[in-house]
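These notes concern the structure reproduced below.
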Amino acid sequence: MPAIAGRLNHFTESVIREMTRVANQHRAINLSQGFPDFDPPAELVAAAQRALEGQYHQYAITWGAPRFRQALARKQTYWMGLDLDPDAHLVVTCGSTEAMMVAMMTVCNSGDRVIVFSPFYENYGADTILSGAEPIYVPLHPPTFEFDPDQLRRAFEQGVKALVLCNPSNPTGKVFTLGELQYIAALAKEFDTFVITDEVYEHIVYAPHRHTYMASLPGMFERTLSCSSLSKTYSITGWRLGYVIAAAEVIAGARKVHDFLTVGAAAPLQEAAVTALNFPLSYYEQIQAEYTQRRDVFLSYLDKARLRYTPPQGAYYVLVDISDFDTEDDTAFCMWLAKEIGLVAVPGSSFFAEPIRHLIRFHFAKCQETLVAAGELLLKIKAQA
Ligand SMILES: Cc1ncc(COP(=O)(O)O)c(C=O)c1O
């Protein structure tokens, strides 16, 4: 048999999605892969049912159905403070997962260097390899996950094409401050570099922290590809609706990549999602309040179990320190947790470029009942520390 492509030797299948399979195998509570166990808004489900009765069964326009693009441009114009043209500034993709891949392939030539903060959402490693780019990892130092400004500058000095910014960040829960974003923006301008953002958690931020869009900073719209999706904001991870927002010249390139990767996102779901994009501001206030409550419930159990963690400022993940346990290996710890305790987390090492093995990641996008059940299991592991 001929050999398959060598580039596939440089990354593994997703550890996060593997841990969901482990959860199913052990019938354990799955706090690994980030998706909710509660329903999306009922109006949205009703809109999807109506859309399936309508004339939306064939391909939509490849870069996005017009009604979806118009609603998205209106919503993001409000939140990003930019004047977005639905015909020029965006391309609709199959989730932020495709958006990030499209963004990388749009700006990177083979061999280009790309800065990725570590720890990082595991897709970025594969995205760089598949697009032929070479990652330069810049550490976000635990437990506060700040970067060293000089180290970041030195990375830029190596000659980079783009920087990947996950904000709010998975897995750290970090929300980059305005000062940090301004510092990154200044370097991007000085070294003529693109910034590719992944902002899927843009609406899940805990007070007093605030989300700032990189593209909204002066002079940054021209060099930022803002990737995001509807997955997390509207609890519809299975609908696979995402987008890239960027300057018209960049979007002209991104449309081509997207067209040949997937042709387009599901037409009836784009039609249905217009309902979500038109939700009033109170919807976003409500999800903030609900996620704040979920976070507080889960963190209260971590406190009771005397587990150390970095409080998340945004997104719905928390990295928990397991150095008090008699283990050197986060993967073995997670397997033990799944099998013996019935709770599934992701080994932190799958997010770090550095050899860090004392952290595991839980997510808390779950209903109260699940969080309480998971919390009670956490109390059991307290005794083992
Ligand atoms: C940072 C980040 N980006 C992208 C995704 C996937 O988003 P989508 O469902 O839009 O592809 C996730 C899902 O967990 C994520 O955490």
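Every residue, every condition in (1) farther than 17 Å from Tyr317 by Cβ; (2) crowded, with 24+ Cβ neighbours inside 10 Å, yes or no:
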residue	(1), (2)
Cys334	no, yes
Ala353	yes, no
His358	no, no
His363	no, yes
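Matching residues to (1) among the hydrophobic types (A, V, I, L, M, F, W, C); (2) over 25 Å from Tyr59 (Cβ atoms); (3) assigned by TED's automatic domain parsing to the domain that holds Val116; (4) away from the ligand (no atom under 16 Å from the Cβ):
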{"site": "Asp192", "(1), (2), (3), (4)": "no, yes, yes, yes"}
{"site": "Thr212", "(1), (2), (3), (4)": "no, yes, yes, yes"}
{"site": "Arg240", "(1), (2), (3), (4)": "no, no, yes, no"}
{"site": "Val250", "(1), (2), (3), (4)": "yes, no, yes, yes"}
{"site": "Ala265", "(1), (2), (3), (4)": "yes, no, yes, no"}
{"site": "Thr292", "(1), (2), (3), (4)": "no, yes, no, yes"}
- Give the residues of region 90-116 that are hydroxyl-bearing (Ser, Thr, Tyr), crowded, with 20+ Cβ neighbours inside 10 Å and not in a helix (DSSP H, G or I), sorted by residue number. Thr93
- Note: among Leu225, Leu181, just one is over 27 Å from Gln55 (Cβ atoms), away from the ligand (no atom under 16 Å from the Cβ) and either modelled with pLDDT of 95 or more or not acidic (Asp, Glu) (or both), namely Leu181
- Only one of (1) surrounded by fewer than 16 Cβ atoms within 10 Å (Cβ to Cβ); (2) closer than 30 Å to Leu343 by Cα; (3) over 21 Å from the mean Cα position of the chain (by Cα) is not met by Ile29, so which one is it? (1)
- Message: I need the helices (runs of 4 or more DSSP H) fully contained in region 117-201, keeping only those with at least 1 residues that are touching a residue at least 12 places away in the same chain (Cβ under 8 Å) and touching a Pro at 6+ places or on another chain (Cβ under 7 Å).
- Response: 123-130, 178-190
- Count of residues meeting criterion [in a helix (DSSP H, G or I), touching a helix residue (DSSP H, G or I) at 6+ places or on another chain (Cβ under 9 Å) and in contact (Cβ under 8 Å) with a residue 60 or more places away in the chain] in region 342-375: 7
- Task: Within region 51-73, identify whether any single residue is within 16 Å of the ligand (Cβ to nearest atom), closer than 24 Å to Ile16 by Cα and outside any loop (DSSP other than H, G, I, E, B), and answer yes or no.
- Result: no
- When every residue in region 241-255 that is in contact (Cβ under 8 Å) with a residue 40 or more places away in the chain and farther than 15 Å from Glu199 by Cα is compared, the one surrounded by the most Cβ atoms within 10 Å (Cβ to Cβ) is Ala254
- Lys232, sole failed condition from (1) basic (Lys, Arg); (2) away from the ligand (no atom under 13 Å from the Cβ); (3) at negative phi: (2)
- Note on the structure: Asn123 meets each of (1) among the polar types (S, T, N, Q); (2) surrounded by 17 or more Cβ atoms within 10 Å (Cβ to Cβ); (3) more than 16 Å from the ligand (Cβ to nearest atom) with one exception, condition (3)
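The values are calculated or read from the model by the stated rules, or taken from the named source; none is laboratory data. A quick note: this is a predicted structure, and the numbers were derived from the prediction, not measured. No Cβ is skipped: glycine too gets one built from the backbone with ideal geometry, and neighbour counts run over all protein chains shown.
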